[in-house]
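Nothing in this text is a laboratory measurement; each read-out follows from the coordinates by a stated rule. It should be emphasised that the depicted structure is a prediction, and the values quoted were computed from it without experimental measurement. Cβ coordinates were reconstructed from backbone atoms using ideal geometry, including for glycine residues, and neighbour counts include every protein chain displayed.
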Amino acid sequence: MSSDEAAAAAVTAAEQDTLLDVARQSIAHTLNHGEQIRLEIQDYPDRLRQQRAAFVTLHLDHELRGCIGNLEAYQPVVLDVARNAYAAAFSDPRFLPVTMAEFERIDIHIAILNPAEEMQFDSQTDLITQLRPGIDGLIIQQDGHRGTFLPSVWEQLPEPEQFFAHLKLKAGLSPKHWSPSLRVWRYITTSFP
């Protein structure tokens, strides 16, 4: 990514505040009205109407409470954040829907993804040596199995071998699985707050 592309991809503090507010409004609207919020896209600045992929992660008392997102951009980032906040709160299959009592204690985190780039490697060892802990998000794909870890997962799995083994497990593969046809992409994110 060129420096011009990186600058264009950056999310300003004001944009971060707006997106965090949209995520919170999305959840509150559903709790209060029983339906997803409808945003008027023209009410938002041009940069928040650009197509970008986002993940919304919810924490309750420092524990994961929901996480939903998209790996590829297909809609304006402000809509992606609103819909993923709704889905993280009410549709993550690992959790019951968020309640009004929980809502006041929910911490919302957003990750805006830069486009993923496919990695080239000769072996698992070669792949592992290319990983940048704390920087890279990874997507793996093999024979209908697919999984991703955001860069924030490095906080729980700081060793590249461990990170990669757990990602294979998440994708439904054995942690020891290796095949020359395994495909891997890396991406970076702008995460906030």
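Residue separation of H145 and H62 scaled by 0.36 nm, minus their Cα-Cα distance, works out to 26.9 nm of gained length. Note on E35, E102, E40: ascending count of other Cβ atoms within 10 Å places them as E40, E35, E102, the fewest first. Note on the chain: GNM, Cα springs under 10 Å; of S179, S91, S26, the largest mean-square fluctuation is that of S179.
As a proxy for reagent exposure, ranking E161, E104 by other Cβ atoms within 10 Å from fewest up yields E104, E161.
The distance separating the Cα centre of the stretch 4-69 from that of the stretch 154-169 comes to 27 Å. Based only on other Cβ atoms within 10 Å, what is the fewest-to-most ordering of S123, S181? Ascending Cβ contact count within 10 Å gives the list S181, S123. With the cut-off at 1.5 for a/c, could you classify the stretch 117-188 from its C-alpha gyration tensor as rounded, prolate or oblate? The shape class here is rounded.
Here the Debye sum runs over all C-alpha atoms of the chain as equal scatterers in vacuum, and log10 of I(q)/I(0) at q = 0.08, 0.12, 0.18 Å⁻¹ comes out as -0.28, -0.63, -1.24.
Over all other residues within a Cβ to Cβ distance under 15 Å of G69, the charged ones net out to +3, with Lys and Arg as +1 and Asp and Glu as -1. Dividing the summed helix terms, -39500 (n - 2.57) for each DSSP H run of n ≥ 4, by the number of residues in the chain produces a 222 nm estimate of -10000 deg cm²/dmol to the nearest 500.
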